[in-house]
Amino acid sequence: MNKSKEHSQACKSLYDASKVRSVWLEVTYLMMEEQEILPNTYPLEALDTTTLRHIATSPARFSSLLKNHRDSRLLPKSSRILLGPIEEATRLGMRVHPEVRHFPTLLPGGRFLFLLWEGSVTGAGSRHKACVQLWDLGLPGTSSQSTLTASSILEDIYISWQVLPDPISSVYHLVVQNDQGIDIYAFDTGSPFHFAKPTNRLAPDGDILDFSWWKNRIAWVTDRCQVVIWDFKKRSATSWVVDPYFLVEEVRMLVRQLLD
């Protein structure tokens, strides 16, 4: 009988706690840290308990839906999302031609859209370039707001790219691999909303086969068997040469393990 009473009291305490705003505020902070959602994505101090609860539990509910759904087409294949044809007004605002290739990514939290495209830029002649844009779509589920955009032209066509969040600020880092090496762009989702020109570049010895990252460090391996670890914030790097008889996949695994 006592155990039943204790169980009932515990359930009541948990239920009462679930209605306390400060509890859900703390849970939301923890979820954002785990999901690498930048602090300024949600105006947390202005949100009510119901909205905080919805935000805090959304990633878990979405993961459960994917896990339990029988349709394998729902399973995510990459961080990229698929969009339909871009409307003419939007295309003109982006200053690109219809044959341009788009690579959009919705950043964690659902507010910021990162868009990289390549093609001929208006006024730049026939030379193809790449452009990167950051879109502020506003807070999902709230009143609409004017869409904010920030753009930057990449001088060289990219080979591959990754978006790295900085969890303690409002900045994302764009890591672009091109023929010149690896460039680091910073784009700020706070105020002012802008892109920074690449201030960090490191040219590898040979062609990069694969690269991985962890926080502000990037590691890669080249076709000349050189492994490099680069701290792009401290602007320092270390490198060494591995046995050429290593299989490429083994070296890639080594690169990833170095950053774990």
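Residues are listed down the side, and each one gets a yes or a no for (1) closer than 29 Å to Pro39 by Cα; (2) assigned by TED's automatic domain parsing to the domain that holds Trp161; (3) surrounded by fewer than 17 Cβ atoms within 10 Å (Cβ to Cβ); (4) at pLDDT below 75:
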{"site": "Val175", "(1), (2), (3), (4)": "yes, yes, no, no"}
{"site": "Gln180", "(1), (2), (3), (4)": "no, yes, yes, yes"}
{"site": "Ile184", "(1), (2), (3), (4)": "yes, yes, no, no"}
{"site": "Pro192", "(1), (2), (3), (4)": "yes, yes, yes, yes"}
{"site": "Lys197", "(1), (2), (3), (4)": "yes, yes, yes, yes"}
{"site": "Lys215", "(1), (2), (3), (4)": "yes, no, yes, yes"}
{"site": "Val221", "(1), (2), (3), (4)": "no, no, no, no"}
{"site": "Arg224", "(1), (2), (3), (4)": "no, no, yes, no"}
For residues that are out of contact with any Phe, Trp or Tyr (no Cβ under 6 Å at 6 or more places or on another chain) and at pLDDT 70 or above, scanning just the stretch 137-160, find the one that is farthest from Glu33 (Cα to Cα).
Ser151
Just give me the residues in the stretch 178-237 being part of a loop (DSSP other than H, G, I, E, B) and touching a helix residue (DSSP H, G or I) at 6+ places or on another chain (Cβ under 7 Å), in sequence order.
Thr189, Gly190
Tally up the residues in the stretch 1-29 that are assigned to a helix (DSSP H, G or I) and in contact (Cβ under 8 Å) with a residue 24 or more places away in the chain, please.
5
Within the stretch 6-34, which residues are closer than 17 Å to Ala60 by Cβ and either in the same structural domain as Gly109 (by TED's automatic domain parsing) or small (Gly, Ala, Ser) (or both)?
Ser18
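The values are calculated or read from the model by the stated rules, or taken from the named source; none is laboratory data. Everything numeric in this text was worked out from a predicted model, so none of it was measured. All Cβ positions, glycine included, derive from the backbone under ideal geometry; neighbour counts span all protein chains shown.
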